[in-house]
1. Which residues, taken from the stretch 83-134, are outside any loop (DSSP other than H, G, I, E, B), farther than 24 Å from residue 47 by Cα, at pLDDT 75 or above and touching a helix residue (DSSP H, G or I) at 6+ places or on another chain (Cβ under 9 Å)?
2. Which condition from (1) assigned to a loop (DSSP other than H, G, I, E, B); (2) touching a Gly at 6+ places or on another chain (Cβ under 6 Å) is the one that residue 48 breaks?
3. Please work out if residue 164 is farther than 26 Å from residue 18 by Cβ, outside any helix (DSSP H, G or I), at pLDDT 80 or above and not aliphatic (A, V, I, L, M).
4. Could you tell me which numbered condition residue 76 fails, if it satisfies all but one of (1) surrounded by 17 or more Cβ atoms within 10 Å (Cβ to Cβ); (2) outside any loop (DSSP other than H, G, I, E, B)?
5. Within the stretch 137-146, can one find any residue that is touching a Cys at 6+ places or on another chain (Cβ under 8 Å) and modelled with pLDDT under 85?
6. Sort out which residues of the stretch 13-39 are modelled with pLDDT of 90 or more, β-branched (Val, Ile, Thr) and either loosely packed, with under 15 Cβ neighbours inside 10 Å or closer than 15 Å to residue 55 by Cα (or both), and write them in order of number.
7. Can you spot a residue in the stretch 87-95 that is under 18 Å from residue 129 (Cβ atoms) and without any contact (Cβ under 8 Å) to a residue 24 or more places away in the chain?
Amino acid sequence: MIKVLIADDHAIVRKGLRQIVKEQAAYMEVDEAVDGQEVLEKIRDEPWDVLVLDISMPKRSGLDILQEVKHSKPNLPVLILSVHPEEQYAIRVLKAGAAGYMNKDCALDELVRAIQKVVDGGKYVSPTLAEKLAFELSGQNGKSPHEVLSDREYSVLLMIGIGKSVSEIANELALSVKTVSTYRSRVLEKLALKSNAELIRYVIDNQLT
């Protein structure tokens, strides 16, 4: 029996993913977590074979949770599931220790296969992402400026890029407005930009939305 923990803050998504696994893999036992705190409590109290983690979690981002999971349970494979396109997060989460990254649009057909692959010790990526990773490893793909941002700075960049205010970002990330403003300033400095309008243009031009 393979024990699968699915973490997503949307009940309908958890129910749908659980149904997919139930229909396609009777040998998998599935449980759910609604936020980062519950994820950390469950992996502390029970043994799991794989964690399927949504990157957009309330209060604490999936990146934060991933880092803590890899610190406390380094051998637990984590499959990141996201609505965001690969260009936004895939390489970043793989470098942070995730065993795979898949878009929710692909979950219906690919979820069970992806779970089985990472449980068996492999990595799950799409063919497009595999090609991009190959270019990076061969040194043929120069780094974009946003790739030097920290995970938190990158999250703030993306949120500003879709028009969220500093106060909205602070509330979503459970940070102070002052802290978010500091991250914003660092992003502007690292990207050599001067305003939110330029940040939004950068996100659009680099297809990060």
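1. Correct list: 89, 90, 91, 92, 103, 104.
2. For residue 48, the exception is condition (2).
3. yes
4. Failing condition for residue 76: (2).
5. no
6. 34, 39
7. yes
The values are calculated or read from the model by the stated rules, or taken from the named source; none is laboratory data. Because the structure is a prediction, the values reported are computed rather than measured. Glycine also receives a Cβ, built like all others from the backbone with ideal geometry; neighbour counts cover every protein chain displayed.
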